[in-house]
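The values are calculated or read from the model by the stated rules, or taken from the named source; none is laboratory data. This one's a predicted model, so the numbers in the text were calculated from it and none came from an experiment. Here the Cβ is made from the backbone with ideal geometry for all residues, glycine too, and neighbour counts use every protein chain on show. Side chains included, ligands, DNA and RNA excluded: accessible areas come from the protein's heavy atoms. Shrake-Rupley method; radii C 1.70, N 1.55, O 1.52, S 1.80 Å.
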Amino acid sequence: GFKAYIYLKQGQEIEAIRAAGRDLGEIPEGTPRWRMLYPWAYAKRIAEEASRDKVDPYLVHALIREESRYYPRALSRSNAIGLMQLLPGTAFGVAKRIGLPLSNKEEVFAPDTNIKLGTAYLSDVMGRFNGHAMMAVASYNGGPNAVRRWLNEHNTKGTGDLDLFVENIPYRETRDYVRKVFGSYWTYELMYPAAK
(Lines give C-alpha, C1' and ligand atoms only; values in the text may rest on other atoms or scores of the structure.)
Protein backbone atom coordinates (compact mmCIF):
# COMPACT_ATOMS: atom_id res chain seq x y z
CA GLY A 1 0.00 0.00 0.00
CA PHE A 2 2.79 2.43 0.87
CA LYS A 3 4.51 1.89 -2.48
CA ALA A 4 1.22 2.62 -4.28
CA TYR A 5 0.82 5.80 -2.21
CA ILE A 6 4.33 7.00 -3.16
CA TYR A 7 3.67 6.36 -6.85
CA LEU A 8 0.39 8.25 -6.60
CA LYS A 9 2.05 11.24 -4.91
CA GLN A 10 4.62 11.31 -7.74
CA GLY A 11 1.86 11.43 -10.36
CA GLN A 12 2.57 7.90 -11.57
CA GLU A 13 -1.04 6.72 -11.70
CA ILE A 14 -0.39 3.56 -13.71
CA GLU A 15 2.34 2.34 -11.32
CA ALA A 16 0.18 3.24 -8.30
CA ILE A 17 -2.69 1.12 -9.60
CA ARG A 18 -0.32 -1.78 -10.31
CA ALA A 19 1.24 -1.61 -6.85
CA ALA A 20 -2.14 -1.26 -5.08
CA GLY A 21 -3.43 -4.40 -6.77
CA ARG A 22 -0.66 -6.72 -5.59
CA ASP A 23 -1.75 -9.33 -3.03
CA LEU A 24 -5.17 -7.77 -2.60
CA GLY A 25 -8.24 -9.87 -1.83
CA GLU A 26 -10.91 -10.56 -4.42
CA ILE A 27 -13.84 -8.77 -2.80
CA PRO A 28 -13.71 -4.98 -3.25
CA GLU A 29 -13.75 -2.91 -0.08
CA GLY A 30 -13.54 0.79 0.66
CA THR A 31 -9.97 0.51 1.97
CA PRO A 32 -7.25 2.92 0.84
CA ARG A 33 -5.56 0.25 -1.31
CA TRP A 34 -8.81 -0.61 -3.09
CA ARG A 35 -9.42 3.12 -3.63
CA MET A 36 -5.96 3.43 -5.19
CA LEU A 37 -6.70 0.44 -7.39
CA TYR A 38 -10.05 1.96 -8.44
CA PRO A 39 -9.54 5.73 -8.18
CA TRP A 40 -12.39 8.21 -8.09
CA ALA A 41 -10.29 10.85 -9.85
CA TYR A 42 -11.82 13.72 -11.86
CA ALA A 43 -15.14 12.79 -10.20
CA LYS A 44 -16.67 16.27 -10.32
CA ARG A 45 -15.87 16.74 -13.99
CA ILE A 46 -17.04 13.24 -14.88
CA ALA A 47 -20.30 13.77 -12.96
CA GLU A 48 -20.96 17.05 -14.83
CA GLU A 49 -20.31 15.59 -18.27
CA ALA A 50 -22.10 12.32 -17.52
CA SER A 51 -25.15 14.24 -16.36
CA ARG A 52 -25.11 16.49 -19.42
CA ASP A 53 -24.74 13.55 -21.83
CA LYS A 54 -27.03 11.18 -19.88
CA VAL A 55 -24.29 8.60 -19.32
CA ASP A 56 -23.73 6.61 -16.14
CA PRO A 57 -20.72 8.16 -14.31
CA TYR A 58 -19.65 4.71 -13.09
CA LEU A 59 -19.36 3.65 -16.72
CA VAL A 60 -17.15 6.65 -17.52
CA HIS A 61 -14.89 5.87 -14.54
CA ALA A 62 -14.68 2.20 -15.55
CA LEU A 63 -13.84 3.12 -19.12
CA ILE A 64 -11.13 5.59 -18.05
CA ARG A 65 -9.65 3.05 -15.66
CA GLU A 66 -9.39 0.41 -18.36
CA GLU A 67 -8.34 2.79 -21.15
CA SER A 68 -5.63 4.85 -19.45
CA ARG A 69 -5.47 3.97 -15.74
CA TYR A 70 -6.26 7.67 -15.19
CA TYR A 71 -2.99 8.76 -16.81
CA PRO A 72 -3.88 11.99 -18.67
CA ARG A 73 -0.87 11.80 -21.05
CA ALA A 74 -1.68 8.25 -22.22
CA LEU A 75 -0.94 7.67 -25.89
CA SER A 76 -1.60 4.27 -27.44
CA ARG A 77 0.14 2.53 -30.32
CA SER A 78 -2.87 3.40 -32.47
CA ASN A 79 -2.46 7.10 -31.51
CA ALA A 80 -5.45 7.19 -29.10
CA ILE A 81 -5.11 10.14 -26.74
CA GLY A 82 -5.58 10.91 -23.06
CA LEU A 83 -7.76 9.61 -20.27
CA MET A 84 -10.51 8.25 -22.52
CA GLN A 85 -8.16 7.23 -25.33
CA LEU A 86 -9.77 9.06 -28.23
CA LEU A 87 -8.44 8.73 -31.75
CA PRO A 88 -7.70 12.18 -33.19
CA GLY A 89 -10.33 11.83 -35.93
CA THR A 90 -12.97 10.87 -33.38
CA ALA A 91 -11.95 13.70 -31.04
CA PHE A 92 -12.12 16.35 -33.77
CA GLY A 93 -15.39 14.92 -35.11
CA VAL A 94 -17.03 15.01 -31.67
CA ALA A 95 -15.61 18.48 -30.98
CA LYS A 96 -17.17 19.77 -34.19
CA ARG A 97 -20.52 18.12 -33.42
CA ILE A 98 -20.72 19.62 -29.90
CA GLY A 99 -19.26 23.01 -30.90
CA LEU A 100 -16.01 22.74 -28.95
CA PRO A 101 -13.17 24.54 -30.74
CA LEU A 102 -9.99 22.46 -30.98
CA SER A 103 -6.93 23.86 -32.68
CA ASN A 104 -4.54 20.93 -32.26
CA LYS A 105 -4.17 17.36 -31.06
CA GLU A 106 -2.34 18.45 -27.90
CA GLU A 107 -5.57 20.01 -26.55
CA VAL A 108 -7.19 16.57 -26.52
CA PHE A 109 -4.80 15.50 -23.72
CA ALA A 110 -6.26 18.10 -21.32
CA PRO A 111 -8.36 16.08 -18.82
CA ASP A 112 -11.40 18.39 -18.91
CA THR A 113 -11.45 18.38 -22.72
CA ASN A 114 -10.81 14.66 -22.97
CA ILE A 115 -13.59 13.82 -20.51
CA LYS A 116 -15.99 16.15 -22.33
CA LEU A 117 -15.21 14.63 -25.74
CA GLY A 118 -15.06 11.02 -24.52
CA THR A 119 -18.33 11.23 -22.62
CA ALA A 120 -20.04 12.86 -25.60
CA TYR A 121 -18.74 10.09 -27.85
CA LEU A 122 -19.86 7.38 -25.41
CA SER A 123 -23.31 9.01 -25.32
CA ASP A 124 -23.37 9.04 -29.11
CA VAL A 125 -22.59 5.33 -29.44
CA MET A 126 -25.12 4.54 -26.72
CA GLY A 127 -27.71 6.40 -28.78
CA ARG A 128 -26.92 4.22 -31.78
CA PHE A 129 -27.77 1.16 -29.69
CA ASN A 130 -30.91 2.45 -27.92
CA GLY A 131 -29.00 3.35 -24.75
CA HIS A 132 -27.48 -0.10 -24.32
CA ALA A 133 -24.26 0.32 -22.35
CA MET A 134 -22.75 -3.05 -23.28
CA MET A 135 -23.06 -2.31 -27.00
CA ALA A 136 -21.66 1.17 -26.45
CA VAL A 137 -18.60 -0.20 -24.65
CA ALA A 138 -18.03 -2.79 -27.38
CA SER A 139 -18.38 0.01 -29.96
CA TYR A 140 -15.95 2.23 -28.08
CA ASN A 141 -13.29 -0.43 -28.64
CA GLY A 142 -14.29 -2.31 -31.78
CA GLY A 143 -16.20 0.39 -33.65
CA PRO A 144 -19.97 0.84 -34.03
CA ASN A 145 -20.14 -0.70 -37.52
CA ALA A 146 -18.43 -3.90 -36.39
CA VAL A 147 -20.69 -4.16 -33.34
CA ARG A 148 -23.80 -3.62 -35.48
CA ARG A 149 -22.64 -6.44 -37.80
CA TRP A 150 -21.91 -8.80 -34.87
CA LEU A 151 -25.26 -7.98 -33.27
CA ASN A 152 -27.11 -8.68 -36.51
CA GLU A 153 -25.33 -12.04 -36.82
CA HIS A 154 -26.12 -12.82 -33.18
CA ASN A 155 -29.80 -11.92 -33.59
CA THR A 156 -30.02 -13.99 -36.80
CA LYS A 157 -29.13 -17.04 -34.71
CA GLY A 158 -32.26 -16.35 -32.66
CA THR A 159 -30.74 -15.70 -29.26
CA GLY A 160 -31.14 -12.55 -27.21
CA ASP A 161 -28.61 -13.59 -24.57
CA LEU A 162 -26.16 -10.68 -24.27
CA ASP A 163 -23.66 -12.67 -22.21
CA LEU A 164 -23.49 -15.09 -25.12
CA PHE A 165 -23.11 -12.14 -27.50
CA VAL A 166 -20.07 -10.91 -25.55
CA GLU A 167 -18.55 -14.41 -25.49
CA ASN A 168 -18.91 -14.60 -29.28
CA ILE A 169 -17.40 -11.21 -30.17
CA PRO A 170 -14.88 -12.18 -32.86
CA TYR A 171 -12.23 -9.65 -31.80
CA ARG A 172 -10.51 -11.00 -28.70
CA GLU A 173 -9.37 -7.50 -27.68
CA THR A 174 -12.96 -6.18 -27.78
CA ARG A 175 -14.34 -9.24 -25.99
CA ASP A 176 -11.76 -8.86 -23.18
CA TYR A 177 -12.29 -5.09 -23.11
CA VAL A 178 -16.05 -5.42 -22.52
CA ARG A 179 -15.42 -7.89 -19.67
CA LYS A 180 -12.81 -5.61 -18.06
CA VAL A 181 -14.86 -2.42 -18.33
CA PHE A 182 -17.93 -4.06 -16.79
CA GLY A 183 -15.82 -5.71 -14.10
CA SER A 184 -14.55 -2.26 -13.19
CA TYR A 185 -18.06 -0.82 -13.47
CA TRP A 186 -19.45 -3.24 -10.88
CA THR A 187 -16.46 -2.63 -8.62
CA TYR A 188 -16.98 1.15 -8.79
CA GLU A 189 -20.68 0.72 -8.05
CA LEU A 190 -19.84 -1.40 -5.01
CA MET A 191 -17.07 0.84 -3.70
CA TYR A 192 -18.68 4.26 -4.26
CA PRO A 193 -22.40 3.64 -3.63
CA ALA A 194 -23.20 7.24 -2.65
CA ALA A 195 -21.82 8.64 -5.90
CA LYS A 196 -24.92 7.92 -7.98
Measure off, as a whole percent, the carbon and sulfur share of the 1.4 Å-probe accessible area of the chain, all protein chains present. 52
Dipole size in debye (nearest 20) for the stretch 156-196 around its Cα centre, Lys and Arg Cβ +1, Asp and Glu Cβ -1? 80
Per the helix-only model, the chain has a calculated mean residue ellipticity at 222 nm (DSSP H runs of ≥4, -39500 (n - 2.57) each, divided over all residues, rounded to the nearest 500) of -19000 deg cm²/dmol
With charges set only on the Cβ (+1 for Lys and Arg, -1 for Asp and Glu), what does the dipole of the stretch 83-196 come to about its Cα centre, in debye to the nearest 20? 240
If amide H atoms are built 1.01 Å from N in the plane of the peptide, which residues on other chains or at least 5 residues away come under 5 Å of the amide H of LEU100? none
Angstrom value of the Kirkwood radius, inverse mean 1/r, which spans all Cα pairs in the stretch 121-170: 10.7
In the stretch 95-196, how does Rg compare with the Kirkwood Rh, expressed as the Rg/Rh ratio over alpha carbon atoms? 1.03
At q = 0.11, 0.15 Å⁻¹, what is the log10 ratio I(q)/I(0) for the chain, with the Debye formula run over Cα points and no solvent? -0.51, -0.94
Eigenvalues of the Cα gyration tensor times 5, then square-rooted: what semi-axes does that give for the stretch 20-132, in whole angstrom, largest first? 26, 17, 12
Can you list residues whose amide H is under 5 Å from LEU86's amide H, if they're 5+ apart or on another chain and H is modeled 1.01 Å from N? ILE81
Computed about the Cα centre, the charge dipole of the stretch 23-105 from +1 Lys/Arg and -1 Asp/Glu charges at the Cβ has a magnitude in debye, to the nearest 20, of 460
